[in-house]
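Peer 1: One structure, as structure tokens, below. Some questions next.
The values are calculated or read from the model by the stated rules, or taken from the named source; none is laboratory data. All of these numbers come straight from a predicted model, not from anything done at the bench. Cβ placement follows ideal geometry from the backbone for every residue including glycine, while neighbour counts extend to all protein chains displayed.
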Amino acid sequence: MLSNRTVLSCMVFLFFGLVAAGVPSLAQADIYYFTDARGVVHYTNVRTDPRYKRMPGIISFRRPAPSRPRLQTQSFAYSDRSFDPHIQEAASRYGLDPLLIKAVIKQESNFNPNATSNKGALGLMQLMPGTARDMEVNDAFDPRDNIFGGARYLRRLSSQFNGDLALTLASYNAGPERVGNAKMVPNIPETQDYVRNVIAFYNSYKRYP
């Protein structure tokens, strides 16, 4: 039986061969993989599961896109109303203001359901993998699943901090332990900016829902 390292090497060799041959679907995509509990390695060119990692040593070959108007080259085309049905449903289930959920999404991902941070946070509400598991999120890149997980987490934090909005938001960004220990918004510039920004978005949505 071939080792995982041998299989990986074969995949790398095959990938570059297909790229050189001009196969467009591979020439324009990364390759991702993960090893399951049985030791079986799975490969894909579409990262639909946070367990998939980009294959090391693979260089992304992306052919220049044809010239087109600037507006059409945006990486995604979602607006602050794209996910309103999911937001309303989650807000109703967890007793939250839907405009608050929307303000968090605005700050976290600017309504990009495929967003991934350099710290590993995923999707619209930028859930860390551990938080996603705790909130029973099956697919962090699924908009409804992500919004329900983020809303459930916000509800838990709000209850923990007795409905204090600033502390709830600070704990969403910095973690409840830091906020609980400080008993205030921590003296962390990123967290302080985060709280101000979300509250500003929230107030803006309340004025212009």
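Peer 1: Considering L167, L154, which residue is assigned to a helix (DSSP H, G or I), closer than 21 Å to G123 by Cα and not basic (K, R)?
Peer 2: L154
Peer 1: Related question: Given the criterion touching a helix residue (DSSP H, G or I) at 6+ places or on another chain (Cβ under 9 Å), under 26 Å from S82 (Cβ atoms) and basic (K, R), identify the matching residue among K206, K119.
Peer 2: Within the list K206, K119, the selection yields K206.
Peer 1: Among the numbered criteria (1) of a type outside the set (F, W, Y); (2) surrounded by fewer than 19 Cβ atoms within 10 Å (Cβ to Cβ); (3) at pLDDT 95 or above; (4) more than 14 Å from the chain's Cα centre (by Cα), which one does S79 miss?
Peer 2: (3)
Peer 1: Name the residues in the range 123-143 that are touching a residue at least 60 places away in the same chain (Cβ under 8 Å) and under 21 Å from R93 (Cβ atoms), would you?
Peer 2: Within the range 123-143, A132, D139, A140, F141, P143 meet the criteria.
Peer 1: A121: at pLDDT 95 or above, farther than 17 Å from V198 by Cα, of a type in the set (A, V, I, L, M) and surrounded by fewer than 19 Cβ atoms within 10 Å (Cβ to Cβ), yes or no?
Peer 2: It is true that A121 is at pLDDT 95 or above, farther than 17 Å from V198 by Cα, of a type in the set (A, V, I, L, M) and surrounded by fewer than 19 Cβ atoms within 10 Å (Cβ to Cβ).
Peer 1: From the list N173, N203, N197, exactly one residue is part of a helix (DSSP H, G or I) and surrounded by 21 or more Cβ atoms within 10 Å (Cβ to Cβ). Which is it? Give the derivation first.
Peer 2: Working: N203 fails: surrounded by 21 or more Cβ atoms within 10 Å (Cβ to Cβ); N197 fails: surrounded by 21 or more Cβ atoms within 10 Å (Cβ to Cβ).
Just a single option satisfies the conditions, and that option is N173.
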